[in-house]
Amino acid sequence: MVISPISFLQIPKVEDNIKGQLKERKNAHFMLVDGISKLTTGKVQTYQSSDFHVSGLKWRLLIRPAIGVKDFLSFVLWITDEKCIGSNWEVKFVFKIGIVPRIGPEICYLYAGHHNETSLFQGLNSFISYMDLKERFIVNDKAAFYAEITDVQPNFPVIRIHRAMGTAERFKLIEVPRNNSRFTWKITQFSSFNGENHSSYEFTVGPRRWKLVMYPKGSGEGRGNSLSLYLNASEFVTNGPKGRTLAVFKMKVLDQLHRNHYETDHEDWFPYDPVNLKVCTLGRQNWLPLEELHKASRGLLVNDQIYIGVEFLFVSTTEYL
């Protein structure tokens, strides 16, 4: 563990602290997490930064509960560059991971890194305890993490782009207001649907527009035995970065007889690709067994009519600092 002598006692805001370091830390990326308690209380499973570039390669930060260690966060650096494919590539580098304190000296860890096809992630599983995080690093449910990457040595050609300063983002997980969290798709004459799949109207939740995509006779492993259901994230309705969006939501079919609805929980990261919409469509092939759907006593399909719904609990927004 490396203890930096820098003191932050005179800086009132974490955002100002980060901005003050960007010129000095040209190879660093800062991720200010707004809503860190949703991670430490288990409401979500992972936070990820936007992709960022250092030495001509693309990287990402992952923050999540430690595996096998109670009440600790893990902090991982992930190489996500498209050039890192196949079996013969490798990237050697030096990296520092840390967290910006509310009070007292900075705490960080310095490592020699080595990425290849079998090792895309490197970091520390027991990065910080929830107790230490709360006592020294959280301000108004915000905590700022960073990674600084230097001495990058790939074994393949890379066009290195000079960095004049570091980069920083604010990742915020917002609880969707109840009056805007639900969308229900009413389908009549369900048995007469032709074609492989059908889509609902688009609706807006958080920073993006969404729609449901249904395969009434299943897709992939669910073909012929299940109703497959997916959620698609399309255009942004905000001016922020157009990257991946974290959504925590429920998908359901309403029980029209007993209100014993069929529903499943989901937590997914939706990418943004206006050309290839399939990569922005996530769900389950074996979502609802057709046997269950057509069971008269179950009340899911009544008079050839079905109600398919989605309820959002949380969605993420991202902005540059």
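The values are calculated or read from the model by the stated rules, or taken from the named source; none is laboratory data. None of these values were measured; they are calculated from a predicted model. Neighbour counts run over all protein chains shown; Cβ positions are idealised from the backbone, glycine included. When the accessible area is computed, the model is the full protein with side chains, heavy atoms only, and any ligands, DNA or RNA have been set aside. Shrake-Rupley method; radii C 1.70, N 1.55, O 1.52, S 1.80 Å.
Using the Kirkwood formula on the Cα atoms of the range 1-129, what hydrodynamic radius do you get, in angstrom to one decimal?
16.0
Which ³J(HN,Hα) values, rounded to whole Hz and listed in residue order, are derived for the range 200-205 from phi using the Karplus coefficients 6.51, -1.76 and 1.60 in 6.51 cos²θ - 1.76 cosθ + 1.60 with θ = phi - 60°, glycine and proline given as x?
7, 5, 7, 9, 10, 9
Give, as ranges by residue number, the residues of the range 143-180 whose backbone N falls under 14 Å from the point 7 Å along Cα→Cβ of K13.
Correct set: 170.
Can you tally the net charge around G240? Count Lys and Arg as +1, Asp and Glu as -1, for every other residue whose Cβ sits under 15 Å from the Cβ of G240.
+1
So what is the calculated 222 nm ellipticity per residue for the chain, using -39500 (n - 2.57) for each DSSP H run with n of 4 or more, over all residues, to the nearest 500 deg cm²/dmol?
About -1500 deg cm²/dmol.
Please compute the per residue accessible area over the range 84-205 with all protein chains in place, 1.4 Å probe, rounded to a whole number of Å².
Per residue, the range 84-205 has an accessible area of 55 Å².
Once phi is turned into ³J(HN,Hα) by the Karplus curve 6.51 cos²θ - 1.76 cosθ + 1.60 with θ = phi - 60°, what whole-Hz value does each residue of the range 229-240 show in order, with x for glycine and proline?
9, 9, 10, 10, 10, 10, 6, 8, 10, 10, 9, x
For the pair K92 and N140, what calculated FRET efficiency results from E = 1/(1 + (r/R0)^6), where r is the Cβ-Cβ distance and R0 = 56 Å, to the nearest 0.05? Mind showing how you got there, number by number?
On the way: r = 39 Å, r/R0 = 0.69.
That gives a FRET efficiency of 0.90.
Of the listed values (i) 22.7, 71; (ii) 31.1, 110; (iii) 22.7, 78, identify the label whose number matches Rg and Dmax of the Cα atoms in Å calculated from this model.
The value matching this structure is (i).
How many angstrom lie between the Cα centre of the range 228-301 and the Cα centre of the range 25-91?
26
Sorted by packing (mean other beta-carbon atoms within 10 Å per residue), highest first, where do 248-256, 286-294, 114-122 land?
Most protected by this proxy first, the peptides run 248-256, 286-294, 114-122.
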